[in-house]
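The values are calculated or read from the model by the stated rules, or taken from the named source; none is laboratory data. These figures come from a predicted structure and were not determined experimentally. When we count neighbours, we look across all protein chains shown, and the Cβ atoms used for this are built from the backbone with ideal geometry, even at glycine. In case anyone asks, the SASA skips ligands and DNA or RNA and just uses the protein heavy atoms, side chains included. Shrake-Rupley method; radii C 1.70, N 1.55, O 1.52, S 1.80 Å.
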Amino acid sequence: MRIALEEAQAAGASGETPVGAVVVDPVSGEIVARAANAPVALSDPTAHAEIRALRAAAARLGNYRLTGLSLFVTLEPCAMCAGAISHARIGRLVFGALDEKGGAVVHGPRFFEQSACHWRPKVEGGLLAEESSRLLRDFFRKRRGRLT
């Protein structure tokens, strides 16, 4: 999760919402992929950190199924990202901060609890939640300060 936080910091430093994600092989401990949020820079509404990390992991492994791998992300995934996590067949999802407004794992649609969800990872929330939340709070405080 510390590496995901590094990615989130990089995203924030470049003006993106500070969210980072890392795909890890839990057997070897190898980092398969890492990514930061980049929808603004890439002019791509799907360029969330989770999606970018899943794409990079799939490309590296030559397989869109990432069964057994773990995804660490600094913020509770949205519905789009939860869907991608399910389609990728991630074995374990670990996230930091809760997202009451846009989250779709613990909040909102609770994607993995829906009958239409065909693959459910093991989910753990709250890892380094305070650090993840602080990054987001500080980012939006600074942003609001510039807008006023």
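The table that follows gives values for the structure above.
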{"item": "Per residue value of the accessible surface for the chain (all protein chains in place, 1.4 Å probe), Å²", "result": "52"}
{"item": "Folded to 0 to 90 degrees: helix 79-88 orientation relative to the chain principal axis, Cα", "result": "30"}
{"item": "Per-peptide average of other Cβ atoms within 10 Å, ordering 76-88, 32-44, 107-119, 123-135 highest first", "result": "76-88, 32-44, 123-135, 107-119"}
{"item": "Tilt relative to the chain, helix 129-147 - C-alpha long axis, 0 to 90 degrees, to 10", "result": "40"}
{"item": "Surface share of carbon and sulfur [accessible, 1.4 angstrom probe, percent] for the chain", "result": "54"}
{"item": "Antiparallel content of DSSP bridges confined to the chain, in %, to 5", "result": "55"}
{"item": "Formal net charge of residues neighbouring CYS78 (Cβ-Cβ distance under 9 Å; K, R +1; D, E -1)", "result": "-3"}
{"item": "Helical mean residue ellipticity (222 nm; -39500 (n - 2.57) per DSSP H run of 4+; nearest 500) of the chain", "result": "-12000 deg cm²/dmol"}
{"item": "Principal-axis tilt of helix 49-61 within the chain, Cα atoms, nearest 10 degrees", "result": "40"}
{"item": "Expected-Rg normalisation [2.2 N^0.38 Å, Cα atoms] applied to the range 1-114", "result": "0.97"}
{"item": "Total charge dipole magnitude, the range 21-148, about the Cα centre, Cβ charges on Lys, Arg, Asp, Glu only, Debye to nearest 20", "result": "320"}
